[in-house]
Amino acid sequence: MRWSAILKRLALIPPTLLGVGAIVFVLLRVVPGDPIAMMIPPGASPADITRLRALYGLDQPLLSQFITWLGQVAVGDFGRSISLRQQVFELVGARLPATLELAALSVSMALLMGVAVALVGSLLRGTRAEWLLDTANGVFLAIPDFLWALILLLGFGVLLPLLPISGRLDPQLAVAFRTHFYLIESLLTLRLDVAADLLRHMLLPSLALALPFAALVARLLKAQLAEAEDQDYAQIARTRGFSRTTILQREVFPNALIPTVALSGVQVTLLLGGTVLVERIFSYEGIGNMAIDAVINRDFPLIQGLILTFAVLFIALNLAVDLLVALLDPRLRHG
Amino acid sequence: MTAILEIDNLHVAIGAATVLRGVSLRVEAGEVRGLVGESGAGKSMVGRTIFGLLPAKARITAGRVSFEGRDLLAMPDKARRDLLGRRIALIPQDPMTSLNPVRRIGTQMAAVLQLHLKLSKSAAHDRAAELLAEVAIRDPVRVLNLYPHELSGGMRQRVLIAMAFACDPSLVIADEPTTALDVTVQRQVLQLVERMRQRHGAAILFVTHDLGVVAKICRSMTVLHAGRVLEDGLTADVLVKPHHAYTRALLAATPRADRPADALKPVPPALIESLWAEARRLDQLAAGRPA
Ligand SMILES: Nc1ncnc2c1ncn2[C@@H]1O[C@H](COP(=O)(O)OP(=O)(O)OP(=O)(O)O)[C@@H](O)[C@H]1O
Ligand SMILES: [Mg+2]
């Protein structure tokens, strides 16, 4: 990808976010239910309610509410959460690292598993074992992440209680962290006991997120490996006396990787979306879990802030995938 | 003369279909032999058998292939891989699809030299640059750093020719190396193959359906149809006095400088039909009396 193409993509980000912001803003206010109804004590008078609505600007016309909000967002003010009574920016900033660490661990595990399964499957081509592997892979692909979360919760949390099923860190281990990236920070500061406990807490939720994604990567990569293996250059490498593993490694895999990254990279956004339910199920303190509370409480500013955060993540992810594909494929690099 | 390659009574079937029906041919050291025949005759299958690249459902049902006196079909995989690329090399048909699109020209060329000649990475790159200069590529060091898509088809075919001759093989199999190129480039590529052959002293099995090319560069030739050898001999003899009616028909269908183009006669369909009928009869015979 050339610089002009990258700049073009970057230029599209503000209008995209504006669009997302507008849709969410309007939807929230059109759908019945509002934050005031959730917070008033029983027996509040209609005058109290009117005053509260005015306090949060909800009595203003929709358009002027939107313009006020836009003006604030433009200077980095995402407003105050109505239910948590804190700045949205700080709330999200404290929770986002937990989700990012969970998602990164999930994606890494999924890639390891998916690539391994695809490679083994390719070596088993044409055997009964390949059929078994494909069938098992199809099952893993068909079960969604939240269902895996419940299965793993029952299996390793309840029936065979090996792993913690709730939270991010054992409170007894809670040390004074300087950032909210607990895992990265504890690894960098060599607090390995803390890192181990964090990983134990992350294992089940990240496995739930990773399994369907790993199955997807495995299926895509295996199909692409088969396709690349049939290409002339891979066949011709055999006429030069290269071994099958060398050909797989140098000719087949690098070519199969390109479409696999392009196709599965976009699916990481689905994995991020999956954190909402999976974090909830494991009471993991990330932004997904926070989003559910925000919706239950009709906490407009917090919902808006969270959706914008997800939108930025999705956009960044798509751009990163495109850059990675360009990095892997010289034909795209030279335009 | 000693035979580099000796194929004896080779039978190959793909699934239920027979594609080679007893092919025999010899390639002497340093000679250029043409392997001619229409599309589907089985020319590529001969090369694929030698390289161990037959389709998954294909079986070699009979015959021997010996290379420099050794039985290619019986030797262990590792021994055969040691010969491939080093003693026997391929010039492929389509230069656009025959190079790995994501690896640099230099890396791809060096890999062969590193594998077979045990050269170091830098020595292999130096040698690769020399080989590119041999196939008349200007600025070889720059080209080594390019990716295939940055080269024209003719340039890529030069790279592939350089790679085929990289380890001084004694046999090069060229499977229609010019059909994918445009006419002006075809001539240059043919001359180049001939020059590289002389320089490196290889024999060439030149697969083509173009008798004009055979007349130009092949000392001997084999005519294949429906997986059968119909004619075999020195090119000069075959072109002047063909034995088989099919060869005569092929000759009548080939454009020549000394003959107006409108005198060309296509191979008569009745002749082709009778040849196929004969092939089918042979198959039935073979099926009735299994070897
Ligand atoms: N993968 C395959 N599966 C089944 N049959 C095949 C396969 N490849 C080739 N054949 C058959 O084998 C026969 C010989 O094919 P081959 O490729 O050797 O022909 P050819 O003489 O090289 O023709 P061309 O000039 O078109 O390259 C043909 O009848 C073809 O249909
Ligand atoms: Mg062919």
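Of all the listed residues (A:Leu91, A:Leu18), the sole one being in contact with a Leu (Cβ under 7 Å, 6 or more places away or on another chain) and either part of a helix (DSSP H, G or I) or not aliphatic (A, V, I, L, M) (or both) is A:Leu91.
One residue alone among A:Ser81, A:Ser106 is touching a Ser or Thr at 6+ places or on another chain (Cβ under 8 Å) and in contact (Cβ under 8 Å) with a residue 40 or more places away in the chain, and that residue is A:Ser106. Helices (runs of 4 or more DSSP H) fully within segment A:152-245 that include at least 1 residues being within 14 Å of another protein chain (Cβ to nearest Cβ), in contact with a strand residue (DSSP E or B) (Cβ under 6 Å, 6 or more places away or on another chain) and touching a residue at least 40 places away in the same chain (Cβ under 8 Å): none found.
Do we find a residue being surrounded by fewer than 16 Cβ atoms within 10 Å (Cβ to Cβ) and modelled with pLDDT under 95 anywhere in segment B:142-154? Among the residues of segment B:142-154, at least one is surrounded by fewer than 16 Cβ atoms within 10 Å (Cβ to Cβ) and modelled with pLDDT under 95, which makes the answer yes.
Within segment B:68-91, the set of residues being among the charged types (D, E, K, R) and within 14 Å of the chain's Cα centre (by Cα) is empty.
Applying the set (1) surrounded by fewer than 21 Cβ atoms within 10 Å (Cβ to Cβ); (2) at pLDDT 95 or above to B:Ala136 leaves exactly one unmet item: (2). Of all residues in segment B:24-44, how many are within 15 Å of ligand 1 (Cβ to nearest atom) and either farther than 20 Å from B:Ser220 by Cα or open to solvent by 50 Å² or more (accessible area, probe 1.4 Å) (or both)? Of the residues in that region, 3 qualify. Take the conditions (1) over 18 Å from B:Asn145 (Cα atoms); (2) more than 11 Å from every other protein chain (Cβ to nearest Cβ); B:Ser122 misses just one of them, which is (1). Working carefully through the options B:Leu53, B:Leu20, B:Leu73, B:Leu83, find the one that is more than 14 Å from ligand 1 (Cβ to nearest atom), open to solvent by less than 40 Å² (accessible area, probe 1.4 Å) and within 30 Å of A:Gly126 (Cα to Cα). Of B:Leu53, B:Leu20, B:Leu73, B:Leu83, the one residue that is more than 14 Å from ligand 1 (Cβ to nearest atom), open to solvent by less than 40 Å² (accessible area, probe 1.4 Å) and within 30 Å of A:Gly126 (Cα to Cα) is B:Leu83. Take A:Arg280 and decide whether it is of a type in the set (Lys, Arg), more than 29 Å from the chain's Cα centre (by Cα) and open to solvent by 60 Å² or more (accessible area, probe 1.4 Å). It is false that A:Arg280 is of a type in the set (Lys, Arg), more than 29 Å from the chain's Cα centre (by Cα) and open to solvent by 60 Å² or more (accessible area, probe 1.4 Å).
When the residues of segment B:86-98 are filtered to those that are open to solvent by 10 Å² or more (accessible area, probe 1.4 Å) and part of a loop (DSSP other than H, G, I, E, B), which remaining residue is nearest to the other protein chains (Cβ to nearest Cβ)? Going through the qualifying residues, I end up with B:Thr97. The combined condition, being within 13 Å of chain A (Cβ to nearest Cβ) and without any contact (Cβ under 8 Å) to a residue 40 or more places away in the chain, is not fulfilled by B:Leu73.
A search for C-beta distances below 7 Å between a residue of segment B:25-43 that is within 10 Å of B:Ala203 (Cβ to Cβ) and any residue that is within 16 Å of ligand 1 (Cβ to nearest atom), counting only pairs 6+ apart in sequence or on different chains, returns B:Val27/B:Arg33; B:Val27/B:Leu205; B:Val32/B:Phe206; B:Arg33/B:Leu205; B:Arg33/B:Phe206; B:Arg33/B:Met221; B:Arg33/B:Thr222. Return yes when B:Val193 is in contact with a Gly (Cβ under 9 Å, 6 or more places away or on another chain), of a type outside the set (S, T, N, Q), more than 16 Å from ligand 1 (Cβ to nearest atom) and more than 14 Å from chain A (Cβ to nearest Cβ) and no when it is not. Spelling it out, it is not the case that B:Val193 is in contact with a Gly (Cβ under 9 Å, 6 or more places away or on another chain), of a type outside the set (S, T, N, Q), more than 16 Å from ligand 1 (Cβ to nearest atom) and more than 14 Å from chain A (Cβ to nearest Cβ). The listed residues are B:Arg48, B:Arg104, and the only one of them that is away from ligand 2 (no atom under 16 Å from the Cβ) and basic (Lys, Arg) turns out to be B:Arg104.
Yes or no: segment B:232-239 includes at least one residue that is part of a helix (DSSP H, G or I) and exposed (fewer than 14 other Cβ atoms within 10 Å of the Cβ). Yes, there is a match, as at least one residue in segment B:232-239 is part of a helix (DSSP H, G or I) and exposed (fewer than 14 other Cβ atoms within 10 Å of the Cβ).
The values are calculated or read from the model by the stated rules, or taken from the named source; none is laboratory data. A quick note: this is a predicted structure, and the numbers were derived from the prediction, not measured. When we count neighbours, we look across all protein chains shown, and the Cβ atoms used for this are built from the backbone with ideal geometry, even at glycine. Calculation scope for accessible area: heavy atoms of the full protein, side chains included, ligands and nucleic acids excluded. Shrake-Rupley method; radii C 1.70, N 1.55, O 1.52, S 1.80 Å.
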